[in-house]
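Down below is the structure, laid out as structure tokens.
The values are calculated or read from the model by the stated rules, or taken from the named source; none is laboratory data. All values reported here derive from a predicted model rather than from experimental measurement. Ideal geometry is used to build each Cβ from the backbone, glycine not excepted, and the neighbour counts take in all protein chains shown.
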Amino acid sequence: MPDDRRVAILGAGMHPWGKWGRNFVEYGLTAARDALADARLKWTDVQFVSGADTIRNGYPGFIAGATFAQALGWSGARVSSCYAACASGAAAIANARAQILAGLCEVALVVGADTTPKGFFAPVGGDRQDDPDWLRFRLLGATNPAYFALYARRRMELFGATEEDFAAVKVKNARHGLENPYARYRKEVTVEEVLASPMVADPLRLLHICATSDGGAALVLTSMDFARRHAGAGTLTTVAGVSTVTPRFPQQVIEMPSFSTDSAVAAGGGEGPTFKQSITAAAYEEAGIGPEDVDLAEVYDLSSALELDWYEDIGLCPPGEAEKLLRDGDTALGGRVPVNPSGGLSCFGEAIPAQAIAQVCELVWQLRGQATGRQVEGARVGVTANQGLFGHGSSVVVTR
Amino acid sequence: MPDAKTRRAAVDGWFTLDESAPALLGSRCTGCGTFAFPRETFSCRNPHCPGTQFEEVELSRRGRVWSYTDCRYQPPPPYIAAEPYEPFALAAVELATEQMVVMGQLVDGVTVADLEVGTEVELVLGTLYEDDDHEYLVWKWRPLDRSPAGAGSALVRGGSDA
């Protein structure tokens, strides 16, 4: 491996999140064209297309890389398509980065987009008695928010988190997203409004839980040499670390869509890091930094309560102290380490294959000082975190 | 009066149909002892174990609540909901012997107000859904405090669940 394992981010682009009901390819193309224009590159300059797949839009979604490439006009570029649930975007970034670092290409385009159905995410159709994702709905009626609620309740009983804390996360993120042109929800909410919204999965209410959205995001990644030649002597925004780790046995936290955790009888005790703790740790290690170096973070607030778990899992504070961090205002804009300055999933809703890419887009704009109305002043290091169903870790460190 | 419906499992081979003392059917690796539910058939989940042989085991019938929630809105298919929909509670339950956590619905009538992290629960059979001829059963958790007289929680409090 070369000593410098960074790749440059020359372009970022997004299609606004919403419930537009149009073909996902349209969102992906808008994002891709914006990212290319931002990079001052043409589509035909792209040597590698890395698509993040969607499983709810038929066959074109399963081969998203080729779908976007065809829509942009066949150019003979190398192409890959990958699915890793919520982590698909990070997996697509990892594929592009690997091609660049291996010297197989200099310019890569990463694209993810989704069109989502209304309501709870349900498993893919059919009678599939050997698919745990199908079975958890059939045998348990366990929706995604039900799993989020298990973590939220545990925080309340172990660490004294309150419904008001969860609501305060929502209030913070709603405020952050007010001026983000790509956010779907741009409206302030109060703690009282959150606590008056209908209970979905106790203790989580409707306004604690992220929606499902349409949206698209794209990045242009290049080798550092190409970027210096193309962009001149200016400061480059770079991908300094990407984590796509799996959990380590025994996985002791119940995870969607599982019926059980791993059994720890053969592991001989001694608790290691949890899966979520290990995700960003691997990205930090690649980047040669630690959580103390982080100026801002974009984390997967599938529920407002889950954002508090992430504070601890990405190392912003020890376990049990996330509520204090929140209450002290450390994670709000203007605080020590703002979390989800974009507004997060709270303001976006989730467009699965686009979301991890969108997290990186936000870091790029923040580090360039282009995040109008939500700017984290002087930000130089940002981190993203999320995880995909079954065990796809996803974390990207972006530096300037 | 119509004939009583036939009671059968909503999924084959995941639990016993012993009405008085049902148990989840898991597997235990003959090499390293790692348990799994639902049962493992191909390869042990322990990355340090090359095991491919498993014995079927009944898992502990009692455990403690790791966390809990409920489902206020009707889950989407393939969940088969009663009409009208009745919300139900869900729990993730720690089994001491197996050192694992297993999900399950709570029995009808139990709400989140009846639960805490650490509440002791016992496995029972409950109705998941019905059709004209059958009642389809699934495992459910029942707090020990709510079990019939004689099966009080003092029996297991402080003891193992083996």
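Observations, loosely collected:
- Scanning region A:292-335 for residues that are without any contact (Cβ under 8 Å) to a residue 40 or more places away in the chain and under 30 Å from A:R5 (Cβ atoms) turns up A:E292, A:Y311, A:E312, A:G315, A:L316, A:C317, A:P318.
- The helices (runs of 4 or more DSSP H) falling completely within region A:1-118 that include 1 or more residues that are among the aromatic types (F, W, Y) map to A:24-39, A:58-62, A:64-72.
- Those residues of region B:22-46 which are within 7 Å of chain A (Cβ to nearest Cβ) and either more than 23 Å from B:L123 (Cα to Cα) or hydrophobic (A, V, I, L, M, F, W, C) (or both), in sequence order: B:C32, B:F35, B:A36, B:F37, B:R45, B:N46
- Helices (runs of 4 or more DSSP H) completely within region A:139-256 that count 1 or more residues being closer than 30 Å to A:P319 by Cβ, facing chain B (nearest Cβ under 9 Å) and modelled with pLDDT of 95 or more: A:144-159
- Any hit, region B:10-23, residues being surrounded by fewer than 17 Cβ atoms within 10 Å (Cβ to Cβ) and under 24 Å from A:E157 (Cβ atoms): no
- Of the criteria (1) more than 8 Å from chain A (Cβ to nearest Cβ); (2) in contact with an Asp or Glu (Cβ under 6 Å, 6 or more places away or on another chain); (3) crowded, with 19+ Cβ neighbours inside 10 Å; (4) not hydrophobic (A, V, I, L, M, F, W, C), which one B:P87 fails: (3)
- Members of region B:59-118 that are on the phi > 0 side of the Ramachandran plot and out of contact with any strand residue (DSSP E or B) (no Cβ under 9 Å at 6 or more places or on another chain): B:G109
Table: residues versus (1) at the interface with chain A (Cβ under 7 Å from one of its Cβ atoms); (2) aromatic (F, W, Y); (3) touching a Phe, Trp or Tyr at 6+ places or on another chain (Cβ under 9 Å); (4) within 21 Å of B:L128 (Cα to Cα).
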position: B:S60; (1), (2), (3), (4): no, no, no, no
position: B:M100; (1), (2), (3), (4): yes, no, yes, no
position: B:M103; (1), (2), (3), (4): yes, no, yes, yes
position: B:D108; (1), (2), (3), (4): no, no, yes, yes
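- Evaluation of B:V65 against (1) at the interface with chain A (Cβ under 9 Å from one of its Cβ atoms); (2) under 18 Å from A:Q252 (Cα atoms) (one fails), failing number: (1)
- Listed here are the helices (runs of 4 or more DSSP H) enclosed by region A:269-374 that have at least 2 residues being out of contact with any Pro (no Cβ under 6 Å at 6 or more places or on another chain) and farther than 25 Å from A:F24 by Cα: A:275-287, A:304-313, A:322-327, A:352-368.
- Members of region B:16-34 found to be in contact with a Gly (Cβ under 9 Å, 6 or more places away or on another chain) and of a type outside the set (A, V, I, L, M, F, W, C), listed by number: B:T30, B:G31, B:T34
- The residue list A:A77, A:A37, A:A90 contains one member that is touching a residue at least 12 places away in the same chain (Cβ under 8 Å) and crowded, with 24+ Cβ neighbours inside 10 Å, which is A:A90.
- Which numbered condition A:A267 fails, given (1) in contact with a Leu (Cβ under 9 Å, 6 or more places away or on another chain); (2) at pLDDT below 95: (1)
- Residues considered: A:D38, A:D4. Of these, the only one that is in contact with a Gly (Cβ under 8 Å, 6 or more places away or on another chain) and acidic (D, E) is A:D38.
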